[in-house]
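Bear in mind that the values in this text are calculations on the coordinates, not laboratory data. For clarity, every value in this text was computed on a predicted model and none was experimentally measured. Quick reminder, even Gly has a Cβ in these numbers, built from the backbone with ideal geometry, and neighbours come from all protein chains shown.
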Amino acid sequence: MISFLFKSGKSVKGDFLRLVYASLKNENLMFRELPAILFTVGKKTVPSAVCRNRVKRMMREAYRLEKHALAKDSERLGHEALDDKICIAILYMGKRTTFPGLQAFREEIRRLMANVLLS
């Protein structure tokens, strides 16, 4: 599934996050209802496991807080992009010295998902 996402998916890059997404076909019954989400922070980008886990927790929380607003935006735009079976990977590409706060993650995810909705 992950190899399918990175081979055939499209990518949107932000300041410190990169979002890779691919729409799944209806005949693929692996994912039934919700979009499949992958959050990843590279070991070379953030060497400390404690910091990597913190960044992943912040990414998950930011997505959790923003997904309801994104669903409303997709309805407002007149299409159901988030209702389709979609596979998403969110990769942290920031610096290893300073980490953004939760609000910065929320804004970045909102901006990247808006680009996905417009495409």
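At-a-glance table
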item	result
Virtual spin-label span in nm between Ser3 and Asn53, 7 Å along Cα→Cβ	3.1 nm
Of Lys10/Lys95; Lys67/Lys95; Lys7/Lys44; Lys13/Lys67, those spanning more than 20 Å from alpha-carbon to alpha-carbon	Lys10/Lys95; Lys67/Lys95; Lys7/Lys44
